[in-house]
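**Q** The structure under discussion is supplied below as C-alpha cells; questions concerning it will follow.
Each value in this text was obtained by applying a stated rule to the coordinates, not by laboratory testing. Since the model is a prediction, treat every value here as computed from it, not as a measurement. Cβ sites come from the backbone with ideal geometry, for glycine too, and all protein chains shown count toward neighbours.
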Amino acid sequence: MESSAFIEAITAGLADDTRVRGLFLGGSLGRGTADAWSDVDFVITAAPQDQADVATAWRALLPSITSIVFWNQMDGERLVINAITADWLRCDVAIQPAHTLLSRAKDRLKPLLDRDSLYATLPDAMPPKAPNPGYVRYVIHEFIRMLGLMPVVVGRSELVTMALGLGMMRDHMAGLMMQSVTDPDPGGILHQSKVLPPADMAVLRALPYPPLEQAALIDANLAIARQFMPRARALAQQLDIPWPDDFEAATRRHLNATLGPDATAW
C-alpha cells in the first residue's frame, strides 16, 4: 500500500473520533524530506484520560486498512505504537497531550486533523540545537574507560566482546559528531548521511572493520581513538568542559603496562 493512500485512509478513519483532537504527520513526511524508504510517523493529540481509548481505536483501525504483521506499544505520557504492514510499510504513532506538542514547530509537522487549531499556535521553526555539555562529558569519559578495558578482553581472549565494544566506540564517535549538528530535529540514524557533513561521513566510512583477530581489533580501537580524541578535546574546550587529564594519563599508563607502548598510540 502506498504511503499516501495509507495516510488518507488513516485520516478518514479518525475524522469522526472527537477524542482525537489533532492528527499530524511528523518525521520526514512532516519535514518534507521523505524519500522512498521513509516510514510514516503520526502524532495524535488527545486528553490524558482518552489516550488509552485512542490507542485501542488505533489498533482496531490499522488492520481494517491493511494487514499488520508487527505491533509494539510503549506506554507513558507520550504513548507510542509501532506497526509494520504486510508489505513492510513502517508506521509509528505518538499519542500525547496537546501541551507536549508545544515543543514542536510548524516546519516539522503537517496537520491532517486539527480540531483545536493547535498548529497555528506553534512557532514557524525551532532555534538551532546547541551541543549538550552533559552528553559530551559523558561520552569523553566513557570512551576513555572503554579504551582502558582493552587489556581485560585481551587477557580473557574475549574477541567477540571486543568486536561488540568496537561497535560501541563507533557509536560514540558518531554521537560526538552529532553534537555539532545544529538541526533541532535531525531525525533518526537511518538517514545519518543526510545529517552529518560529507567530511564526517568520510571519517566514519574510513574507520576499519577488522576481523576477529586480537591485533586487528586493538588497531581498530586506536584508529577510532585517533579520530575521537582531537574532536572531543576541541568540543570540550568550546563548551568549557574540563578535560579528564588524570583519567587519560592513568589509562595510558595502564595500557602501556599491559599491552605495550603501541597501545597508547592515540
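**Q** How big is the charge dipole of the chain about its Cα centre, in debye rounded to the nearest 20, if each Lys and Arg gets +1 on its Cβ and each Asp and Glu gets -1 on its Cβ?
**A** 580 debye
**Q** Okay, helix-only estimate at 222 nm for the chain: each DSSP H run of n ≥ 4 adds -39500 (n - 2.57), divide by all residues, round to 500 deg cm²/dmol; what do you get? Walk me through the intermediate numbers first.
**A** Numbers: 10 runs with 127 residues, N = 266.
It lands at -15000 deg cm²/dmol.
**Q** Net charge near residue 79: determine it from the other residues with C-beta under 12 Å of the C-beta of residue 79, scoring Lys and Arg +1 and Asp and Glu -1. Provide the component values of the computation, followed by the final result.
**A** Numbers: positive: 59, 78; negative: 50, 53, 75, 77, 92.
Net charge around residue 79: -3.
**Q** Shifting gears a bit: How long is the gain from residue 47 to residue 149 if the chain were fully straight, where each residue apart is worth 0.36 nm and the alpha carbon distance is subtracted?
**A** 31.8 nm
**Q** Taking 0.36 nm per intervening residue step and subtracting the Cα-Cα distance, what contour gain separates residue 160 from residue 240 on full extension?
**A** Residue separation times 0.36 nm, minus the Cα-Cα distance, leaves 25.1 nm.
**Q** Assuming R0 = 22 Å, can you tell me the calculated FRET efficiency for the pair residue 138 and residue 231, based on Cβ-Cβ distance, to the nearest 0.05?
**A** Efficiency, rounded to the nearest 0.05: 0.90.
**Q** Residue 126: net charge of surrounding residues, Cβ under 15 Å, Lys/Arg +1, Asp/Glu -1, itself excluded?
**A** Once all neighbours under 15 Å are counted, the net charge is +1.
**Q** What base-10 log of the normalised intensity I(q)/I(0) is obtained for region 133-264 from the Debye formula, alpha carbons as equal point scatterers, at q = 0.09, 0.14 Å⁻¹?
**A** Each listed q maps to, in turn, -0.27, -0.65.
**Q** Here is a follow-up. Among 2, 248, 158, which comes first, second and so on when ranked by fewest other beta-carbon atoms within 10 Å?
**A** So the ranking, lowest neighbour count to highest, is 2, 158, 248.
**Q** With a point put 7 Å past each Cα toward its Cβ, work out how far residue 15 is from residue 86 in nm, to one decimal.
**A** My value for the distance between the label points is 2.6 nm.
**Q** For a footprinting-style exposure proxy, rank 95, 224 by other Cβ within 10 Å, fewest first.
**A** Details: 95 26, 224 23.
Listing 95, 224 from fewest to most nearby Cβ atoms yields 224, 95.
**Q** At 7 Å along Cα-to-Cβ for each site, give me the label-to-label distance between residue 214 and residue 257 in nm.
**A** 1.9 nm
**Q** State, to one decimal in nm, how far the label point of residue 36 lies from the label point of residue 119, with both points 7 Å from Cα in the Cβ direction.
**A** Distance between label points: 2.9 nm.
**Q** Going by how many other beta carbons lie within 10 Å of each one, how would you line up 43, 20, fewest first? Don't skip to the end; give the middle numbers.
**A** Values: 43 25, 20 21.
So the residues, fewest neighbours to most, are 20, 43.
**Q** Now, a different point. What are the membrane-span-like helices in the chain by this rule: whole DSSP H runs, Cα extent along the axis at least 27 Å, mean Kyte-Doolittle hydropathy at least 0.5?
**A** 159-178
**Q** Could you check which residue among 131, 97, 244 shows the biggest mean-square fluctuation in a GNM of the chain with a 10 Å Cα cutoff?
**A** Ranking 131, 97, 244 by mean-square fluctuation puts 244 first.
**Q** Roughly what % antiparallel, to the nearest 5, for the DSSP beta bridges in region 3-121?
**A** Expressed as a percentage, antiparallel bridges in region 3-121 total about 75.
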